[in-house]
Amino acid sequence: MLGVHPGVLVVLVLLISAFISPVLDQFKFKRFSIFAIGVSGIVFALSIITILRVNSLGVEYYHFGGWTPDKGIEFIFGELEALMLLLVSGMFFVVYIYNQKKIRAEISKHLRGWYFTLAFMLQASLSGLILTNDLFNMFVFIEISALTTVALISINENRDTVFASIKYLFLTAVGSSSVLFSIGLIYLLTGYLNMDLAGMELIELAGMYPAASSMAMLFMFFGLAMKSALFPLHIWLPDAYYSAPTISTAIMAGIVGKAYIVVFIKVFYKVLSINFFEQTNLANITVIMAGIAIIFGSLFAIGQTKIKRMLAYSSVAQIGYIFLGIALATESGLTGGILHIINHSIIKTLLFLTVGVIIIYTGAENIIDFQGAGRKYPFTMILFSLSALAMVGIPPLNGFMSKWTIAMGTLEAEKPLYLVIIILSSLLNGVYYLPIIIQSFFGGDEELGYNWEFKRLGFKIILPLITLAALILLIGIFPSYPINYINRIVFSLIS
Amino acid sequence: MIDIVVHPNIYYFASIVLFLIGFYILLTHPNLIKKVIGLNVMDSAIFFFFVAVGFVSDGGSPIVEAGSEALTVNPVPSGLMLTGIVVSVSVTAFALAIIIKVYQHYGTINVEEIYVVRSEREC
Amino acid sequence: MKFRDTIVSIITRFMLPFITLFGLYLIVHVHLSPGGGFSGGTVVGAGFVLLSLTYGISMQERKFSHRTSTLIESGGALIYIIVGISAFIYGQPFLSNLPIFPAGTPGRLFSGGFIALLNIAIGVKVASTIVALFDSLGGEDLH
């Protein structure tokens, strides 16, 4: 079977499971959770095979239908794509294992089959989005992921989710239309839809048609920034993260946002690189916007009363870090940016999963209600504290490594103002995370003893939390393996 | 016969004007259904743009016999827009379904009144 | 709302076979003229919606129940993927042209490989989607 590549099988297996799920739902199938764990486990194994294959064989291309790249669609299996595919598959696998008992009960019973249909479609479109090398194929996958994300938010119907989902739908549809317009302009200029070929053509054409190619770059920037929630286009993010059920929030925060940032890197480094970095100063503007995002995200997070909103604004700040690293375009900056994509995905997912346990099991939504939560659920709050400290950037956890590398990047690019911004925002991060940790362990009812919750939560909820926490510690203590791998990616992107 | 000379790029200008009109409708009208209409106008402008990209003046229709060398219009962008139209229809259908739910929960589909209802609930 | 309006029901009974036939023509002639699965499927779906507008929702429920539409939608998509996967057996990438689907001479109906087969699956799926959409969004008032 020569035509089979494990990466293509990832998308196909997910699509097949997404289309089988409604049929299973009609025949009153009950064990969707186990089905989801099985399918995502297979996909995770396939993505591990992909990354091992890329490590040994190098970059590979897969031409759909046997057509050559100038006429047909191709998938590219490079180092960046394999790494991001591993991240997406791993995170979905972990979240599906976490989806047990009371957490599963947040979604009403008759909708569970449809929930997993949407989640499989979302994972298929995100995997395809990362792997594709064709611009229009990328647009189609962006649209599929946008629609399924909105459906995942609004699966429970109440006032908040309905409002958040209509807001998100309008804003993301505007973003997609902008991206499509930009793709049309790129097709008009170069005649190719393939990213590599269009990039090569644009290197000469950007000088001949500066207005058209700059307009293409602007529309693409607007669309992708709207979807990645770069400040000031982050408006949909707090409402969407706050009102969605716990698993949907974990999926959105950890995975969906990161896939769009990977698309940003691919398009702006391969296709529009001349316009972005040399011809206009949009790269500098992005750096300024990222700096504002870092400060204002943390400032908005300090004044929040509900915990999920606070975590959402913290996400806005962290996305600012990632864009700062990407737009600086130095070696350390880009390395730090890509490393922070991985780190932030792991840390934010762990934060939302632990907070989800506390919200569902105790009903505490406001930050004030977290007083004494450390006594009732000490293990969960220990993991929350670990991930919060990693987010602030305390060594030897992984958040420190990526922030340090981005800081090195700002010095390389001779913008020391952003070093000051990074240090200042780390202090601001501490302002809103540390009180929760201290209050949860030392506040509340003083006489209550520590009530370890392993029996109450069960093995299947504890296991994903431990896995993510172990990853945080491992990447923090042994950063050389991921950083060496990412250096290879950066070398191929920048040269 | 008066021969009016039209700029060769008129289709692109028209599509950008339509895009901006659609965007303006989406931004300013407070009624949610009018926002959906604005979104549709924006998408129609993009479809028009793509089809105009494929247009070759003096070209015939792209139905060819084997081995003929006639100049034809490029059919690839029109084919891409079939997918685009389906995506736009899906987004419209989904937005209208959510708007029905918004009406059931808030009693109004005017964005400003929805904000008033939400801020009253917070107090 | 009064159903069984005489003129509308006579015209519907007369027009419905032609609408369906035209929709099927659009679906099958995808490789010869503009059209394809999406537009042809919409026409066929619109025919079913006309049926329910004229005779009330119960008639449409009898001919096209919720379970049928779910099975058809999933079946259409799965046929698409299975046809694509069958290229793996011959050692070629997904959705390649295969010797078992004849390429024929351009201009005739039986040509172009499996394009027509895929578009029939898509057309059926789109028709079922249009009917299901009308059913869920607008159908409640028609009882």
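Calculate the FRET efficiency for A:ILE34 and A:LEU417 from the Cβ-Cβ distance with a Förster distance of 56 Å, rounded to the nearest 0.05.
Given R0 = 56 Å and the Cβ-Cβ separation, E is 0.60.
Between A:PHE454 and A:ILE494, what is the label-point separation in nm under the 7 Å Cα-to-beta-carbon projection?
4.7
Would you list which lysines come within 24 Å of A:LYS460, measuring only between C-alpha atoms, while excluding same-chain residues fewer than 8 positions from it?
A:LYS30, A:LYS101, A:LYS102, A:LYS109, A:LYS308, A:LYS348, A:LYS376
Net charge near A:ALA329: determine it from the other residues with C-beta under 13 Å of the C-beta of A:ALA329, scoring Lys and Arg +1 and Asp and Glu -1. Kindly include the intermediate steps, with their values, before the conclusion.
Numbers: positive: A:LYS415; negative: A:GLU278, A:GLU331, A:GLU412, A:GLU414.
Its environment carries a net charge of -3.
Once the dipole of the stretch C:6-142 is set up with Lys and Arg at +1 and Asp and Glu at -1 on Cβ about the Cα centre, which of C:GLY113, C:LEU26, C:MET15 lies farthest towards its positive end?
C:GLY113
Run the dipole for the protein assembly as shown about the Cα centre, Lys and Arg Cβ at +1, Asp and Glu Cβ at -1, nothing else charged, and hand back the magnitude in debye, nearest 20.
Working: 41 positive and 40 negative charges, 455 e Å.
Rounded to the nearest 20 debye, it is 2180 debye.
With only alpha-carbon atoms counted, please give the Rg and Dmax of the stretch B:1-109, in Å.
Cα radius of gyration and Dmax of the stretch B:1-109 are 19.1, 64 Å respectively.
Give the residue from A:THR161, A:SER402, A:LEU328 lying farthest towards the positive end of the charge dipole for chain A; charges sit on Cβ (+1 for Lys and Arg, -1 for Asp and Glu) and the dipole is referred to the Cα centre.
The listed residue farthest towards the positive side: A:THR161.
Hey, for a label at B:LEU27 modelled as a point 7 Å past Cα toward Cβ, could you say which residues of the stretch A:211-231 have their backbone N under 20 Å away?
A:215-231
Find, among the chymotrypsin sites (Phe, Trp or Tyr not before Pro) in the stretch A:4-74, those assigned to loop by DSSP (not H, G, I, E, B) with at most 12 other beta-carbon atoms within 10 angstrom.
Numbers: sites: A:PHE19, A:PHE27, A:PHE29, A:PHE32, A:PHE35, A:PHE44, A:TYR61, A:TYR62, A:PHE64, A:TRP67; in loops: A:PHE27, A:PHE29, A:TRP67.
Answer by residue number: A:PHE27.
Go ahead and run the numbers for FRET between A:LEU299 and B:GLU113, Cβ-Cβ distance against an R0 of 41 Å, rounding to 0.05. Can you show the working numbers first?
Values: r = 30 Å, r/R0 = 0.73.
FRET efficiency, A:LEU299 to B:GLU113: 0.85.
Between B:VAL91, B:VAL51, B:VAL64, find the one with the highest GNM mean-square fluctuation for chain B; connect C-alpha pairs within less than 10 Å.
B:VAL64
Only residues of the stretch A:454-495 count here: report those whose backbone N is under 15 Å from the spot 7 Å along Cα→Cβ of A:ILE203, or say none.
What the label zone holds, given the 15 Å backbone N cut-off, is A:492-495.
Straight-line reach only, C-alpha to C-alpha below 17 angstrom: list the lysines that B:LYS101 could link to, leaving out same-chain residues fewer than 8 apart.
Filter leaves A:LYS167, B:LYS34, B:LYS35.
Expressed in nm to one decimal, what extension gain is obtained for the pair C:ILE82 and C:PHE22 from 0.36 nm per residue of sequence separation less their Cα-Cα distance? Could the numbers behind the result be given before it?
Values: separation 60, 0.36 × 60 = 21.60 nm, distance 2.76 nm.
Answer, rounded to one decimal: 18.8 nm.
Once the Cβ-Cβ distance between C:THR6 and A:GLN26 is put in as r, and R0 is 35 Å, what FRET efficiency do you end up with, to the nearest 0.05? Working shown, then result.
Working: r = 38 Å, r/R0 = 1.10.
Result of the calculation: an efficiency of 0.35.
May I ask for the longest run of chain A untouched by GluC sites (Glu not before Pro) that are loop-located per DSSP and have at most 10 neighbouring C-beta atoms (other than their own) within 10 Å? Write down the numbers at each step before the final one.
Details: sites that count: A:GLU414, A:GLU446, A:GLU447.
Here the longest segment lacking exposed loop sites spans A:1-413.
Springs between alpha-carbon pairs under 10 angstrom, Gaussian network model over chain B: which of B:LEU71, B:LEU18, B:LEU32 fluctuates most?
B:LEU71
Let me have the relative contact order for chain A, percent, based on Cα pairs under 8 Å that are six or more residues apart. Don't skip to the end; give the middle numbers.
Details: 761 pairs, mean separation 67.4, N = 495.
RCO, chain A: 14 percent.
Compute the distance in nm between two label points, each set 7 Å from the Cα along the Cα-to-Cβ direction, one at C:SER65 and one at A:ILE466.
4.9
Any chance you could check the Cα centroid distance between the stretch A:213-239 and the stretch C:63-104 for me, in angstrom?
Centre-to-centre (Cα) distance: 37 Å.
What does the charge count near A:PRO6 come to, summing +1 for each Lys or Arg and -1 for each Asp or Glu among other residues with Cβ under 15 Å from its Cβ? Please list the in-between numbers first.
On the way: positive: A:ARG53; negative: A:GLU60, A:GLU81.
Cβ neighbours under 15 Å give a net charge of -1.
Hey, rough spin-label estimate for B:ALA14 and A:SER108, points 7 angstrom out along Cα→Cβ, what's it come to in nanometres?
Spacing of the two 7 Å Cα→Cβ label points: 4.8 nm.
Do any trypsin sites (Lys or Arg not before Pro) in the stretch A:17-121 lie in a DSSP loop with no more than 16 other beta carbon atoms within 10 Å, and if so, which? If you can, show how the numbers build up before the last one.
On the way: sites: A:LYS28, A:LYS30, A:ARG31, A:ARG53, A:LYS71, A:LYS101, A:LYS102, A:ARG104, A:LYS109, A:ARG112; in loops: A:LYS28, A:LYS30, A:ARG31, A:LYS71.
Filter output for the stretch A:17-121: A:LYS28, A:LYS30, A:ARG31, A:LYS71.
Projected onto the charge dipole of chain B (+1 at Lys/Arg Cβ, -1 at Asp/Glu Cβ, origin at the Cα centre), which of B:VAL64, B:ILE37, B:THR83 gives the Cα projection farthest towards the positive end?
Farthest towards the positive pole: B:ILE37.
Indicate the helices, whole DSSP H runs only, in chain A that combine a mean Kyte-Doolittle hydropathy of -0.5 or more with a Cα extent along their long axis of 24 angstrom or more.
On the way: long enough: A:6-26 (31 Å, 1.97); A:32-57 (37 Å, 1.93); A:79-98 (29 Å, 1.83); A:112-131 (29 Å, 1.06); A:135-153 (27 Å, 2.00); A:159-190 (47 Å, 1.23); A:210-228 (26 Å, 1.18); A:282-302 (30 Å, 2.27); A:307-328 (32 Å, 1.22); A:331-362 (46 Å, 1.30); A:416-442 (39 Å, 1.74); A:459-477 (26 Å, 2.61).
Sorted by number, the helices that extend far enough and score high enough are A:6-26, A:32-57, A:79-98, A:112-131, A:135-153, A:159-190, A:210-228, A:282-302, A:307-328, A:331-362, A:416-442, A:459-477.
With just the Cα atoms defining each centre, how far is the stretch C:23-50 from the stretch B:8-67? Give it in Å.
23
Would you work out the charge dipole size for the stretch C:6-142 about its Cα centre, treating the Cβ of every Lys and Arg as +1 and the Cβ of every Asp and Glu as -1, and quote it to the nearest 20 debye? Please report the intermediate quantities before stating the final value.
Numbers: 6 positive and 5 negative charges, 73 e Å.
In total the dipole reaches around 360 debye.
Need the full-extension length gain, A:PHE277 to A:ASN158, defined as separation in residues times 0.36 nm minus the C-alpha distance. One decimal, nm.
On the way: separation 119, 0.36 × 119 = 42.84 nm, distance 4.49 nm.
Value of the extension gain: 38.3 nm.
Quick one: Cα centre-to-centre distance for the stretch A:40-95 and the stretch A:328-354, in angstrom?
20
Since every read-out is calculated from the coordinates, none of them should be taken as a lab result. Given the structure is predicted, the values throughout are model-derived calculations rather than measurements. Cβ atoms come from the backbone with ideal geometry, glycine included; neighbour counts cover every protein chain shown.
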